[in-house]
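Here's the structure we're looking at; comments come further down.
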Amino acid sequence: MKGGCFCYLLTGRVFRVTKVLDGWGAQPVQKFGKRLRFAVDGAWLLVSDTDRHRVIWLDWTEWKVLGIFGETDRAGNDFWHLNFPTFVALKGNKAIVADSGNQRLIRLQLQFP
């Protein structure tokens, strides 16, 4: 597995892994890269998938993709591409992405599909 999200359950005084999420489907394009950063607000989760040059917007309660910003495995410096996005922040329907390879911050306005 390259990268993933681990779900833990507290049982008494010990946490145990209940689920490992390495993507949102079986296709290679639906798998996460090695370096991930997360931001959560309510049911919404933003995943900065640094090595795959994209940010994925998910409903984490259903593990459903709501949108993808950037083109998978293709870095770029125009409006539609990212280059090693690192940190993400999320509050309501507003998000900030640190597009490190392009040395820029991108403000996103998320609209539910």
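The numbers here are math on the coordinates, done by the rules we state, and not lab data. Values in this document were obtained by computation on a predicted structure and should not be read as measured data. We place every Cβ from the backbone using ideal geometry, glycine too, and count neighbours over all the protein chains shown.
The chymotrypsin sites (Phe, Trp or Tyr not before Pro) found in the range 70-113 that occupy coil by DSSP, while having at most 13 further C-beta atoms within 10 Å, are F79, W80.
Ranking T18, G33, T72 by how far each Cα lies toward the positive end of the dipole of the chain (charges on Cβ) leaves T18 at the top. In order along the range 50-65, phi translates into HN-Hα couplings of 3, 5, 9, 6, 7, 10, 10, 9, 10, 8, 6, 6, 10, 6, 10, 6 Hz, rounded to whole numbers, per the Karplus curve 6.51 cos²θ - 1.76 cosθ + 1.60 with θ = phi - 60° and x for Gly and Pro. What the Cα convex hull of the range 6-88 gives, in volume per residue, is 108 Å³. Of all the options G33, G76, G12, the one that moves most in a Gaussian network model of the chain with Cα springs shorter than 10 angstrom is G12. Residues whose amide H comes within less than 5 Å of that of E71, counting only those at least five positions distant or on another chain, are L82 (H built at 1.01 Å from N in the peptide plane).
In order along the range 72-87, phi translates into HN-Hα couplings of 3, 6, 9, 6, x, 10, 8, 5, 8, 10, 10, 9, 6, x, 10, 7 Hz, rounded to whole numbers, per the Karplus curve 6.51 cos²θ - 1.76 cosθ + 1.60 with θ = phi - 60° and x for Gly and Pro.
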